[in-house]
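For reference, the structure discussed in these notes is given below.
Please treat every number below as a calculation from the coordinates, not as lab data. Owing to the predicted nature of the structure, the values given are computational and were not obtained by experimental measurement. Ideal geometry is used to build each Cβ from the backbone, glycine not excepted, and the neighbour counts take in all protein chains shown.
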Amino acid sequence: MKNTMYVVIVAEIYLQADVVHQFVVLGTGLAECILSGLLSVEGKKVLHMDRNDYYGGDSASLNLTQARQYLSHLTPCTDL
């Protein structure tokens, strides 16, 4: 089982003139997405960010362009 670090920043953060975020959730794995959704349902202003250009962490889904890019880096198995 891998160790996962969850980071939630609780503060009022002003990123735009009239937008105040009460919570910042870093990462888009399953736990972070659930946390972000629960906070949002409770009426909290949530900024949900990830360093990747896709959501999902280890369980990410890729669109067709991203899948092609990912597969282009793999080498075919010749041991079969």
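At a glance:
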| quantity | calculated |
| --- | --- |
| Amide H within-cut-off set for residue 62, under 5 Å, with H built and near neighbours excluded | none |
| Least to most buried among 41, 20 (fewest other Cβ within 10 Å first) | 41, 20 |
| Positive minus negative residues near residue 33 (Lys, Arg vs Asp, Glu; Cβ under 13 Å) | -3 |
